Amino acid sequence: MLKLDELLELLSIKSVYDEATVTDVEPYGKGVAQALAFMRELALKNKLEVKEYEGHAIAICLGDQEERIDVVSHLDVVSAEDWDEDPFTPRIVNGEIIARGTQDMKSAAYLTLKALIEIKKKKIPLQRQLRIVLGTDEERTMEDMVHYVKQAGQPKFAFTPDGAFPLSIGEKGALMWHIKTQIESPVLEMRGGTQCNVIAPHCTFTLPHAFKGLIHQTTEALDFEVKCEEDQELLHYTFTGIAGHASRPESGHNAIVDALQVLALCFPKTAFKKLYETFESPYARGTTLAYNIEPMGPLTLNLGICSLRNGVFEADVDCRYPYGVTSDVLTQHLTQALPGFEVSLPYDAIPILNDIQSPFIQTCLKHYRANFIDDREPFISGGVTYAKIIQPCIAFGPLLPGRISLAHQKNESIAIEDLELLYPFYRDILIKLANCEENQHA
């Protein structure tokens with residue numbers, strides 16, 4: 001039986017990375033550590049074994065068999081801005097729980113833990129150990145899971161309920177570039193975005209009053225709704241976009257790109273023009289970065305964070321790329337597209353593709369089709385999950401057919417009806433995977 005009060009308490013924890021509260025025992029900050037402690041206590045209260053990994057992760061274990069099945073979730077969430085209500089005060093409206101982390105991905109983490117608790121209470125026989133693995137820095141570096149794998153080793157099979165159904169058989173590569181250059185222009189300051197892998201929901205820039213007519217004429221011609229605040233000396237312009245996941249350009253609208261378009265038109269001899277031309281299309285159309293290779297499909301670009309201070313422009317860029325091209329080649333293309341820019345590559349996770357014929361994957365697919373009317377085939381995701389670190393691993397739900405993905409967006413929510421469907425679904429697949437015969441398909 002699901003206890004919504006437990007889930008609501010987990011959702012109320014602001015488990016966003018907080019550099020100010022990082023310590024050796026809380027490596028990603030106090031809020032993330034609080035979420036981990038909550039789940040640890042819930043497991044211990046139900047007499048499950050908990051293995052500790054120095055604040056990076058915990059593994060909640062049932063059984064002591066050498067072979068194991070890992071269900072891997074993260075408790076950290078992206079920051080939340082521009083919500084209609086407090087994102088960490090969960091509320092139930094029309095059968096939906098609205099809070100940051102409902103879809104990505106505290107609800108699924110909670111459901112799978114409750115499923116493990118029920119399996120233990122019913123003493124269901126298992127041929128393999130089951131683990132609910134909870135990480136704490138998936139949204140940034142995934143160093144939490146690197147730390148876990150170094151100590152625990154790889155499982156026999158794993159899934160992460162951090163995507164959509166029927167299942168993600170593979171993932172595009174994911175990289176982050178940091179770009180930097182000097183820009184001489186009337187713009188005194190600029191800042192935009194919240195996180196590299198989030199489509200920028202806002203961008204502001206500041207410049208002297210003398211340019212008011214030029215900026216107004218340009219924004220009016222583009223039909224942009226732009227807020228302008230004035231003080232005695234300066235104009236402060238704010239562009240508003242729509243936050244969304246960087247891997248799904250259709251889920252949002254980038255305010256930084258809008259601001260760059262205005263600045264490129266107003267000051268065409270500056271680097272703003274090259275920046276706009278490079279990032280105008282989230283699929284890099286019109287540039288040499290525009291790769292589209294089957295079966296993974298098109299490359300995507302997201303200028304997620306930017307700042308301009310004292311003439312120095314810096315930005316973080318998210319890119320999801322298919323098999324058939326490497327990050328080295330892509331970095332060369334970006335460097336050519338942005339002459340005079342310093343381009344560095346602090347993060348790169350290569351594409352992955354699992355074997356569709358795996359008996360474990362076939363077990364998941366057959367179980368899904370037995371429970372839901374949906375004949376869609378497994379797909380390749382542009383997202384980044386713990387499947388980048390743990391192998392073999394697939395993303396398996398929790399987004400059901402017909403539901404809209406609200407990951408990284410304002411007013412993120414999940415239907416209570418979906419939770420009630422997903423709970424027995426995940427409980428039963430845990431049992432099936434623990435007892436899956438490898439010499440035959442499910």
* Just need the relative contact order of the range 29-151 here, percent rounded to a whole number, with Cα pairs under 8 Å and 6+ apart. => 38 percent
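Cβ neighbours within 10 Å, averaged per peptide: list 286-296, 257-267, 74-84 in order, most packed at the top.
Values: 286-296: 15.4, 257-267: 22.9, 74-84: 20.4.
Final packing ranking: 257-267, 74-84, 286-296.
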* **Full-stretch length increase - residue 292, residue 141 - with 0.36 nm per residue and alpha-carbon distance subtracted** => 51.7 nm
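Would you work out the relative contact order for the range 173-349, in percent, from Cα pairs under 8 angstrom that are 6 or more residues apart?
Numbers: 405 pairs, mean separation 60.2, N = 177.
With pairs under 8 Å counted, the relative contact order is 34 percent.
Please give the net charge around residue 391, taking every other residue with its beta carbon less than 12 angstrom from that of residue 391, where Lys and Arg add +1 and Asp and Glu add -1. Write down the numbers at each step before the final one.
Details: positive: 156, 388; negative: 70, 171, 355.
Summing Lys and Arg as +1 and Asp and Glu as -1 gives -1.
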* Across every pair of different alpha-carbon atoms, what Kirkwood hydrodynamic radius in Å does the range 308-442 reach? -> 18.7 Å
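I need the helices of the chain that pass two filters: whole DSSP H segments spanning 24 Å or more by Cα along the axis, and mean Kyte-Doolittle score no lower than 0.0.
Values: long enough: 416-434 (27 Å, 0.55).
Helix filter hits for the chain: 416-434.
Taking only C-alpha pairs under 8 Å that are 6+ residues apart, what is the relative contact order of the chain in percent?
Values: 980 pairs, mean separation 102.3, N = 442.
Computed value for the chain: 23 percent relative contact order.
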* Can you give me the Cα centroid spacing of the range 309-375 and the range 1-31 in angstrom? -> 27 Å
* Asked: For the chain, what does -39500 (n - 2.57) per DSSP helix run (n ≥ 4), summed and divided by total residues, give at 222 nm, in deg cm²/dmol to the nearest 500?
  -> -9000 deg cm²/dmol
* Does the range 6-82 classify as rounded, prolate or oblate by the C-alpha gyration tensor (a ≥ b ≥ c root eigenvalues; a/c under 1.5 gives rounded; else a/b over b/c gives prolate, otherwise oblate)? -> prolate
* **the range 239-270 versus the range 88-123: alpha-carbon centroid distance in Å** => 35 Å
* Structure fact -> Note on the range 384-442: alpha-carbon gyration tensor, axes a ≥ b ≥ c; rule is a/c under 1.5 for rounded, else prolate if a/b larger than b/c, else oblate; result oblate
* Asked: Over the Cα atoms of the chain, what Rg and Dmax result, in angstrom?
  -> 23.0, 76
* **Kirkwood Rh, angstrom, the range 99-150 [1 / mean 1/r, Cα pairs]** => 12.9 Å
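Using Stokes-Einstein with the Kirkwood hydrodynamic radius over Cα pairs, what translational diffusion coefficient do you get for the range 173-349 at 4 °C and a viscosity of 1.567 mPa s, in µm²/s rounded to a whole number? Could you put the intermediate results ahead of the total?
Working: Rh = 16.4 Å.
The Stokes-Einstein estimate is 79 µm²/s.
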* To do: Scan around residue 91 for amide H atoms under 5 Å from its own, H built in the peptide plane at 1.01 Å from N, and keep only partners 5 or more places away or cross-chain.
  => 98
* **Low-density loop cleavage sites - GluC sites (Glu not before Pro) in the range 390-442, where at most 14 other Cβ are within 10 Å (DSSP)** => 437, 438
* To do: Determine ³J(HN,Hα), in whole Hz, for all residues of the range 383-397 in sequence, where each value follows from phi through the Karplus function 6.51 cos²θ - 1.76 cosθ + 1.60 and θ = phi - 60°; x replaces Gly and Pro.
  => x, 10, 10, 5, 4, 5, 10, 9, 9, x, 8, 10, 8, 9, x
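Rule-based calculations on the coordinates, nothing more; no lab input. None of the values given here were measured: they were computed from a predicted structure. Heads up, the Cβs are rebuilt from the backbone with ideal geometry, glycines too, and the neighbour counts pull from every protein chain shown.
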